[in-house]
Amino acid sequence: MNFTGILRDGEGERAVSATLGGGVLRGTVDGRAFADAAVERRGDGLLLVRGRAPSRAVVARDGNRVLVHLDGRVHEFELMDGTKRRRDRGGKRLHAGDEPWIGSPMTGTVASVAAAPGDRVAKGGTLVVVEAMKMQFVVRAPRDVVVKAVPAAAGRPVEIGQVLVEFEEAAP
Amino acid sequence: MPAVSRGTIRGRRLLVANRGEIALRVLRTCRTLGVVGIAAHSEADAAMPFVAAADEAVCIGPGPARESYLDIGRVVEAARNLRADAVHPGYGFLSENADFAEALEDAGIGFVGPRSETIRLMGNKVRAKQAAERAGVPVSRGSGNLADLAAAEVEAARIGYPVLLKAAAGGGGRGMRVVDGPRDLEAAFHSASAEARASFGKADLFLERLLRPARHLEVQVFGDGAGGVHALGERECSIQRRHQKVIEEAPSPAVDERLRARLCEAAVAIAAAAKYRGAGTVEFLLGPDGSFHFLEMNCRLQVEHPVTEMVTGTDLVAAQIRLALGGEALPFPDPRPRGWAVEVRVCAEDPALGFAPSTGRILALRVPRGAFVRWDGGFAAGNEVTPHYDSLLGKLLCWGATRAEALARTAEALREIAVLGPRTNVEFLRAVIEHPRFAEGRLATSFLEEEFPAEWSPAAGPAPEEAVLAAAAFLAAQEGGAAAGAPRAPSPWGTLPSWRNGGGGGA
């Protein structure tokens, strides 16, 4: 059983390969080979033993999203599909701050819209309020922006990552 | 309460008008008591573990709570159709709705909670304070209901800033705003009244002097409905974010035996004066000088009730059900705690995005285990976290002989718990538990604001090469199964498809 592909996380992309056989994993990360790891299914987790310190990982996949829980931390990877580069809709990139748009931080309903095309909004100013689970979340300008378009409309459902407000490329 | 011989509640029928972990908690307790447990659930919750744990289940409407869990008519109708002897409301939803309790009273169905008139009294925070004052318990300086913004301006100036703007029909921190000075009052007034109307259907607000720094303490009480009230000691709930409790513990590091006796005495006085029936909580604020005042009384089981159970050895839910169904009362222990219990609320929310709720399917779930570890959860792998309801996935509780031991077990359990799918606050909770000031017990309601302002992301760790390898191993096993075209390949990996979905960690 083999896998060869590219996994991406917040820090960048890694080329990985893995070969499984007889409970032994042979793997490389960016061409670097790792000592053979004994791999075993144990209870509800995957026991991944490397060297002398055993660590137990839990892994799940949802489409191109691969999630690994290891030692108290969840690592998120995106399985890259050859040459296709998908835009990450769910993660921290929403707050990277340099995109010409801002997405909804959660799935819910647009409670109100404070921005209109042409508005200059200072960093931290309210753009849109999104509501879910009886909580309101204020979506603020990530920097000084000029609003180009507002796809968000009050009362309409939005999904996480869905673009709420678009900005002019460069604030004058 | 009337002495009824043990076992008479066996075979009686209890409808649970709630969902998630609390519904599962109550329905499991029904089984231990031989009571027939009925789940009243929304369409969105049909696949949730609490429905499976019920002896009978009935769908009461679509996902939005307004059309199911908050619809008094539908819940009462379900209780009548299924011949329920009583209804357990859990917390939230209709648990402190006097009209609901009254509708059940009118239908001749028992309500696991106090009488509707008690709920009505305590539900109005202004009248509740007056009742506490009459019972000889100190209350904070404050206003009555505010007619409008102008009245708020006058009252705030009289009380003195900073003030707390609160919803008269409030609870759970909704419709509550801290106002530091006159300049902030107008915006706070409008947003709090809008939130109060959205949450409670009533926009009425009142003002209270803000005690800062302060600790949030509360006393668990249990009344027989005739004036007899037991106190089961205090809980400390100072770790709050936007007035929502995040971590609770019992006992409180700030409470010695003398203070505990005074707090319990005050709580009993308030509850006894109301002839309180069932489980309730009296909340107090404790100032740095050791003085305390009454905040409000919650006429329901609290989310954090298990920390009291763990240090007193009491099953509060069993006691509630026995009382409501006319069973024998349980003996209550004295309120002195044995050891220490800590609860952390594991929520589907993203600390890196200002704790915004996170939704989606739970792909895998490993719940923590071990000696002195309790997981009160509501979800299993495969369940969907929807935007219809609150973000609580479950409560992790650990007991220790000392506070330090309880905290060490909590940190370890937070390392073990794995929720894959929606983002969660698990790593954030561990950061709080391991924070030196938290470990020292120097708590205040402003703790999170001061130590963890705004968004939070974990410190970058070492390169996750092991995690990359684990992902690759998983993908290799999946590809292998697919290539072989045999979902049940005769290898250790043949069972991967089910394992991928979490191996049934369950709640």
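Take the conditions more than 9 Å from chain A (Cβ to nearest Cβ) and crowded, with 22+ Cβ neighbours inside 10 Å and apply them to B:Glu349. Does it pass?
no
Can you find, within the range B:268-311, the residue that is farthest from the chain's Cα centre (by Cα) among those that are under 23 Å from B:Thr29 (Cα atoms) and among the charged types (D, E, K, R)?
Checked the range B:268-311; the qualifying residue farthest from the chain's Cα centre (by Cα) is B:Arg277.
When you go through B:Glu102, B:Glu96 one by one, which is the residue that is closer than 24 Å to B:Leu121 by Cβ and outside any loop (DSSP other than H, G, I, E, B)?
Testing whether each residue is closer than 24 Å to B:Leu121 by Cβ and outside any loop (DSSP other than H, G, I, E, B) leaves just B:Glu102.
Evaluate the following for B:Ala381: is it buried (at least 18 other Cβ atoms within 10 Å of the Cβ), over 15 Å from the mean Cα position of the chain (by Cα) and not in a helix (DSSP H, G or I)?
yes
Given the conditions (1) surrounded by 21 or more Cβ atoms within 10 Å (Cβ to Cβ); (2) within 22 Å of the chain's Cα centre (by Cα), which single one is not true for B:Pro253?
The single condition B:Pro253 does not satisfy is (1).
The rows are residues; the columns are (1) within 25 Å of B:Ala214 (Cβ to Cβ); (2) not in a loop (DSSP other than H, G, I, E, B); (3) not hydroxyl-bearing (Ser, Thr, Tyr).
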| residue | (1), (2), (3) |
| --- | --- |
| B:Asp289 | yes, no, yes |
| B:Gln302 | yes, no, yes |
| B:Thr308 | yes, yes, no |
| B:Val311 | yes, yes, yes |
| B:Ala318 | no, yes, yes |
| B:Gly326 | no, no, yes |
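Which pairs do you get when a residue that is farther than 10 Å from B:Ala267 by Cβ, found in the range B:219-231, comes within reach of a residue that is at pLDDT below 95 and basic (Lys, Arg), reach meaning Cβ atoms under 9 angstrom, with the pair 6+ apart or on two chains?
Short answer, once both residue conditions are applied: none.
If I go through the range B:427-449 residue by residue, how many of them are of a type in the set (D, E, K, R), within 14 Å of another protein chain (Cβ to nearest Cβ) and in contact with a Phe, Trp or Tyr (Cβ under 9 Å, 6 or more places away or on another chain)?
Total satisfying the criteria: 1.
What single numbered condition from (1) at pLDDT below 85; (2) over 26 Å from B:Ala413 (Cα atoms); (3) within 7 Å of another protein chain (Cβ to nearest Cβ) fails to hold for A:Gly82?
Result: A:Gly82 passes all but (3).
With respect to B:Arg235, determine if the residue is assigned to a helix (DSSP H, G or I) and more than 30 Å from B:Arg66 (Cβ to Cβ).
no
When you go through (1) within 10 Å of chain A (Cβ to nearest Cβ); (2) in contact with a strand residue (DSSP E or B) (Cβ under 7 Å, 6 or more places away or on another chain); (3) among the small types (Gly, Ala, Ser) one by one for B:Ala411, which number turns out not to apply?
(2)
Just give me the residues in the range A:94-153 being part of a strand (DSSP E or B), touching a Phe, Trp or Tyr at 6+ places or on another chain (Cβ under 7 Å) and over 20 Å from B:Ser358 (Cα atoms), in sequence order.
A:Trp101, A:Val145, A:Val146, A:Val147, A:Lys148
Output yes when any residue across the range A:23-46 is among the polar types (S, T, N, Q) and either within 13 Å of A:Met80 (Cα to Cα) or in contact (Cβ under 8 Å) with a residue 60 or more places away in the chain (or both), and no when none is.
no
Any residue at all in the range B:450-458 that is within 14 Å of another protein chain (Cβ to nearest Cβ), more than 24 Å from the chain's Cα centre (by Cα), touching a residue at least 40 places away in the same chain (Cβ under 8 Å) and farther than 27 Å from B:Ile22 by Cβ?
yes
Just give me the residues in the range B:113-142 being in contact with a Lys or Arg (Cβ under 8 Å, 6 or more places away or on another chain) and closer than 17 Å to B:Ala203 by Cα, in sequence order.
Across the range B:113-142, the qualifying residue is only B:Lys125.
Looking at the structure I just gave you, is B:Ser95 modelled with pLDDT of 95 or more, of a type in the set (Gly, Ala, Ser) and in contact with an Asp or Glu (Cβ under 9 Å, 6 or more places away or on another chain)?
So B:Ser95 does not fit the description; no.
Inside the range B:144-163, can you point out the residues that are under 29 Å from the mean Cα position of the chain (by Cα) and surrounded by fewer than 21 Cβ atoms within 10 Å (Cβ to Cβ)?
Residues satisfying the conditions are B:Gly144, B:Asn145, B:Pro162.
Which of the residues that make up the range B:333-367 are part of a loop (DSSP other than H, G, I, E, B) and aromatic (Phe, Trp, Tyr)?
Within the range B:333-367, just B:Phe355 meets the criteria.
Please work out if B:Ala271 is surrounded by 24 or more Cβ atoms within 10 Å (Cβ to Cβ) and not assigned by TED's automatic domain parsing to the domain that holds B:Ala167.
yes
Do you know which of the residues in the range B:59-70 that are surrounded by fewer than 19 Cβ atoms within 10 Å (Cβ to Cβ) and either touching a strand residue (DSSP E or B) at 6+ places or on another chain (Cβ under 6 Å) or without any contact (Cβ under 8 Å) to a residue 24 or more places away in the chain (or both) is nearest to B:Val16 (Cα to Cα)?
The qualifying residue nearest to B:Val16 (Cα to Cα) is B:Cys59.
Quick check: is even one residue across the range B:14-21 out of contact with any strand residue (DSSP E or B) (no Cβ under 8 Å at 6 or more places or on another chain) and surrounded by 14 or more Cβ atoms within 10 Å (Cβ to Cβ)?
Within the range B:14-21, not a single residue is out of contact with any strand residue (DSSP E or B) (no Cβ under 8 Å at 6 or more places or on another chain) and surrounded by 14 or more Cβ atoms within 10 Å (Cβ to Cβ).
When the range A:55-76 is examined, which residues are found to be at the interface with chain B (Cβ under 7 Å from one of its Cβ atoms), surrounded by fewer than 22 Cβ atoms within 10 Å (Cβ to Cβ) and over 16 Å from A:Glu11 (Cβ atoms)?
A:Ser55, A:Arg61, A:Asp62, A:Asp71, A:Gly72 - these are the residues of the range A:55-76 that are at the interface with chain B (Cβ under 7 Å from one of its Cβ atoms), surrounded by fewer than 22 Cβ atoms within 10 Å (Cβ to Cβ) and over 16 Å from A:Glu11 (Cβ atoms).
Could you say whether any residue in the range B:312-334 is charged (D, E, K, R) and within 19 Å of the chain's Cα centre (by Cα)?
There is at least one residue in the range B:312-334 that is charged (D, E, K, R) and within 19 Å of the chain's Cα centre (by Cα).
Based on what the data block shows, is B:Gln220 surrounded by fewer than 23 Cβ atoms within 10 Å (Cβ to Cβ) and either assigned to a strand (DSSP E or B) or out of contact with any Leu (no Cβ under 7 Å at 6 or more places or on another chain) (or both)?
In short, no.
Kindly provide the set of residues from the range B:32-62 that are of a type outside the set (A, V, I, L, M, F, W, C) and more than 22 Å from the chain's Cα centre (by Cα), ordered by number.
B:Thr32, B:Gly34, B:Glu43, B:Asp55, B:Glu56, B:Gly61, B:Pro62
Can you work out which of the residues in the range B:397-406 that are in a helix (DSSP H, G or I) and either buried (at least 21 other Cβ atoms within 10 Å of the Cβ) or among the charged types (D, E, K, R) (or both) is farthest from the other protein chains (Cβ to nearest Cβ)?
B:Arg403
The values are calculated or read from the model by the stated rules, or taken from the named source; none is laboratory data. These figures come from a predicted structure and were not determined experimentally. Positions of Cβ are backbone-derived with ideal geometry, glycine not excepted, and every protein chain shown enters the neighbour counts.
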